[in-house]
Amino acid sequence: MIPVDDLISELGLIRNALGEETVDPSRRPRRRGPRESPASERVSGDPIFDSGQWDVTDPDLWEEEKQRARRAVEGDGSAGQSGISRTGIEALAWYVSFHDDQRAWGVYIPLSSLALMDELYLSNLRIGRDRRLNLAWSALLFHEQMHFAVDYACAWFELVLRAPTRREFMARFKGQLPFAGLTPSEAYLEIEEAAANAHMLRQLVRKESRQVMRTIEGFVARQPPGYKEGLRATSDASFAEATAETLRSYFAIWAIEHRLDFGNPKTDWLRLLPLDDESAGSECPVYVINDLDEIGMAAGSLRLIQCISEIVETADFERQFRRQDAEVRSDWGRKKEEIKIRLPSPPRFEKLKDWKPPTWSLRLRAGHRAHLRPPDPGMTAWRAVAIGNHKEMGHG
Amino acid sequence: MGNGFPAPEVEVGRIVFRSWEHEWQTGDKETFSLASAKKLLPSEITRPIYEALERWERDLLRFSLPYPPYGLRIRRAKSEWLDLMLSAYKGEPLFYLVENATKYGLEGRSIGELCPNWDAALPEPRSKQGRFGTTLHAPLAGSNVTWAYELEWRPTVFPEQEVNIDDLLRHFSPRYREPAIFG
């Protein structure tokens, strides 16, 4: 996969292909008023969520924000009057194109959106909240990755045609009409939103249970036109057609300009989208926005854990550690360094169910585990509290 | 504008499906696709007609492209497409024929020729009050198919011959030149 930075360099040679977005990319579409933008942080890999200190500090604001989010996601008519600029999934997460912002492009997911999506659409699931938050994260990310894939395919065509395809296309949605009498009939490209939701459903069904999928389908069904049609675009054939129609929508004028036969039904357009390419996931930056205070929640209510850079070993841990054989001790040393960079996926690192205080288990070699506890409020270091084989550690 | 290359002429329009069944069910004469049309008769009766209509619609879609966000489609102006298609498809003028029901075996055919037992499947009574005080009549087996069902490419920008692609591309056109500040 060609790095996006390389594409940007080439696109810069095409007149009008790149623009400069003036809106702060971390600004939430359903934000109420002019406020300072919250901090955003880049996320890599699969994050782990911890809601052990879930705390709604302003119940009135929390209720108000839930209603506001519901109206935005479901495209309720009154939502527009409250200053919400996007509907459907884009009210929860969004993709900033590298055509518009060459420095801060990528996918943006606010923590508030995970909390609200969980509360509004996932809370009936019989799985723990941390797991539901992870599901919300995956759903939003898969949807936005489709927009990145379309953006990437546009760039590829732009380089071939030397034409500013994407920016011309987007200008139609906000610009003046080319002819008197034309009326915009859609505020966003509905077929692209259908394809993005279909991609999300197609990815989630690979790893989620039927019950989870029914809940996610219910979430999609409540979204506005285009988004909800994703439910009908999940088969291979219908997904390919939705993708083809999305790209035809972007390229139609240029196909005519260059006498290209884009209507040919035997063309496999899916091949142009980096959806199955593993590097696509790492090529597109993902940012999490820490904005929980804006929906009436305490700042540490929902934590996204990417790495553990600081660990304090308690006296109990040190005593148990001395009893371990050399290979386990050495493995702990190695793992401590690894988790400073990235946490392993569950179950290699997972929260122990119903443990008080909240405790996480890190798998070591030969069935051994280390138990870790997250930092106390105001502290930064995790605590290593126990180490031993899985029976000694109460794993049964 | 002008970079030495001529700007292609285009048609901006939409595909329209006219169906007596849809009008009978909804009061609207037309809809924008076969899939969106309401049906009245059992599909085993109307299948031969709809199969031909589906081929017709597929070709209309094949030779035009979506033009969002206006709910419209665009295609090269007929004269330019003919040149392209005649060269690409060994002389078969595909594009011209997509607007002609003859290609799909519908023009000049009666409904009864395609759909046996048609009259027996019609609703009783065979006429009813439509919108705006008009009377709707269910077509009998002797009626021409294209009287009851028809697909059409309908231009929405007039005069259609004068739509230039640079009107659509505006300052994104490769032929665009910034207007001179002084004269």
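Looking at region A:310-346, which of its residues are in contact (Cβ under 8 Å) with a residue 40 or more places away in the chain and assigned to a loop (DSSP other than H, G, I, E, B)?
Answer for region A:310-346, where residues must be in contact (Cβ under 8 Å) with a residue 40 or more places away in the chain and assigned to a loop (DSSP other than H, G, I, E, B): A:310, A:314, A:324, A:342, A:343, A:345, A:346.
Please enumerate the residues belonging to region A:152-161 that are modelled with pLDDT of 95 or more and within 12 Å of another protein chain (Cβ to nearest Cβ).
Correct list: A:158 only.
Hey, among B:151, B:168, which residue is within 11 Å of another protein chain (Cβ to nearest Cβ) and closer than 30 Å to residue B:67 by Cα?
B:168
Which residue, of B:31, B:26, is more than 14 Å from chain A (Cβ to nearest Cβ), polar (S, T, N, Q) and in contact with a Lys or Arg (Cβ under 7 Å, 6 or more places away or on another chain)?
B:26
Out of the residues in region B:8-23 that are of a type in the set (D, E, K, R) and within 14 Å of chain A (Cβ to nearest Cβ), which is nearest to residue B:71 (Cα to Cα)?
The extreme case among them is B:14.
Residue A:211 versus (1) away from chain B (no Cβ under 13 Å); (2) under 30 Å from residue B:10 (Cα atoms): which is the lone unmet condition?
It is condition (2) that residue A:211 fails.
Taking region A:250-288 as the search range and keeping residues that are more than 14 Å from chain B (Cβ to nearest Cβ) and free of Cβ contacts under 8 Å to residues at least 24 places away in the same chain, which one is surrounded by the most Cβ atoms within 10 Å (Cβ to Cβ)? Walk me through it before giving the result.
Keep residues of region A:250-288 that are more than 14 Å from chain B (Cβ to nearest Cβ), which gives A:268, A:270-288.
Adding the requirement that they be free of Cβ contacts under 8 Å to residues at least 24 places away in the same chain leaves A:271, A:276, A:278.
On the way: A:271: 12, A:276: 9, A:278: 9.
Looking at the filtered set, the residue picked out is A:271.
Determine whether region A:90-98 contains at least one residue that is in a helix (DSSP H, G or I) and of a type outside the set (Val, Ile, Thr).
Scanning region A:90-98, I find at least one residue that is in a helix (DSSP H, G or I) and of a type outside the set (Val, Ile, Thr), so the answer is yes.
For region A:289-307, state whether one or more residues are closer than 26 Å to residue A:337 by Cβ, more than 14 Å from chain B (Cβ to nearest Cβ), in a strand (DSSP E or B) and of a type outside the set (A, V, I, L, M, F, W, C).
yes
Take region B:13-50 and flag every residue that is surrounded by fewer than 16 Cβ atoms within 10 Å (Cβ to Cβ), charged (D, E, K, R) and in a helix (DSSP H, G or I).
Across region B:13-50, the qualifying residues are B:44, B:47.
Restricting to region A:225-238, name every residue that is acidic (Asp, Glu) and free of Cβ contacts under 8 Å to residues at least 12 places away in the same chain.
A:236
Filter region A:360-370 down to the residues that are farther than 18 Å from residue A:134 by Cβ and touching a residue at least 24 places away in the same chain (Cβ under 8 Å) and list them by number.
Answer for region A:360-370, where residues must be farther than 18 Å from residue A:134 by Cβ and touching a residue at least 24 places away in the same chain (Cβ under 8 Å): A:364, A:365, A:366, A:368, A:369, A:370.
Which one of these does residue A:261 not meet: (1) under 25 Å from residue A:162 (Cα atoms); (2) of a type in the set (D, E, K, R); (3) at pLDDT 95 or above; (4) outside any helix (DSSP H, G or I)?
Residue A:261 satisfies all of (1) under 25 Å from residue A:162 (Cα atoms); (2) of a type in the set (D, E, K, R); (3) at pLDDT 95 or above; (4) outside any helix (DSSP H, G or I) except (3).
Check A:349, A:321 and return the single one that is aromatic (Phe, Trp, Tyr) and surrounded by 19 or more Cβ atoms within 10 Å (Cβ to Cβ).
Among A:349, A:321, only A:349 is aromatic (Phe, Trp, Tyr) and surrounded by 19 or more Cβ atoms within 10 Å (Cβ to Cβ).
How many residues are free of Cβ contacts under 8 Å to residues at least 60 places away in the same chain and surrounded by fewer than 20 Cβ atoms within 10 Å (Cβ to Cβ) if we restrict to region A:206-224?
8
Residue B:112 - would you say it is in contact with a strand residue (DSSP E or B) (Cβ under 8 Å, 6 or more places away or on another chain) and either under 30 Å from residue B:66 (Cα atoms) or in contact (Cβ under 8 Å) with a residue 12 or more places away in the chain (or both)? Talk me through it step by step, then tell me what you get.
Numbers: in contact with a strand residue (DSSP E or B) (Cβ under 8 Å, 6 or more places away or on another chain): no; either under 30 Å from residue B:66 (Cα atoms) or in contact (Cβ under 8 Å) with a residue 12 or more places away in the chain (or both): yes.
Against the criterion (in contact with a strand residue (DSSP E or B) (Cβ under 8 Å, 6 or more places away or on another chain) and either under 30 Å from residue B:66 (Cα atoms) or in contact (Cβ under 8 Å) with a residue 12 or more places away in the chain (or both)), residue B:112 does not qualify.
With in contact with a Pro (Cβ under 9 Å, 6 or more places away or on another chain), exposed (fewer than 15 other Cβ atoms within 10 Å of the Cβ) and at pLDDT 65 or above as the only criterion, which of A:15, A:86 stands out? If you could, list the steps in order and put the result at the bottom.
On the way: A:86 fails: exposed (fewer than 15 other Cβ atoms within 10 Å of the Cβ).
So the residue among A:15, A:86 that is in contact with a Pro (Cβ under 9 Å, 6 or more places away or on another chain), exposed (fewer than 15 other Cβ atoms within 10 Å of the Cβ) and at pLDDT 65 or above is A:15.
Tell me, which helices (runs of 4 or more DSSP H) wholly within region B:98-183 include 1 or more residues that are crowded, with 16+ Cβ neighbours inside 10 Å, modelled with pLDDT of 90 or more and in contact with a Ser or Thr (Cβ under 6 Å, 6 or more places away or on another chain)? Explain how you work it out, then say what you get.
Working: elements: B:111-114, B:118-121, B:145-148, B:165-169.
The qualifying helices (runs of 4 or more DSSP H) are B:111-114, B:165-169.
Applying the selection to region A:164-210, what residues are touching a helix residue (DSSP H, G or I) at 6+ places or on another chain (Cβ under 9 Å), at pLDDT 95 or above and not in a helix (DSSP H, G or I)?
A:164, A:189, A:205, A:208, listed by residue number.
I'm checking my understanding of the structure. Among residues of region A:168-205 that are within 19 Å of residue A:226 (Cβ to Cβ) and among the acidic types (Asp, Glu), which one is surrounded by the most Cβ atoms within 10 Å (Cβ to Cβ)?
Once the filter is applied, the top-ranked residue is A:193.
Among residues belonging to region B:51-70 that are buried (at least 21 other Cβ atoms within 10 Å of the Cβ) and more than 14 Å from every other protein chain (Cβ to nearest Cβ), point out the one that is modelled with the lowest pLDDT.
B:56
The values are calculated or read from the model by the stated rules, or taken from the named source; none is laboratory data. None of these values were measured; they are calculated from a predicted model. For neighbour counting, all protein chains shown are included, and Cβ atoms are generated from backbone atoms with ideal geometry for every residue, glycine included.
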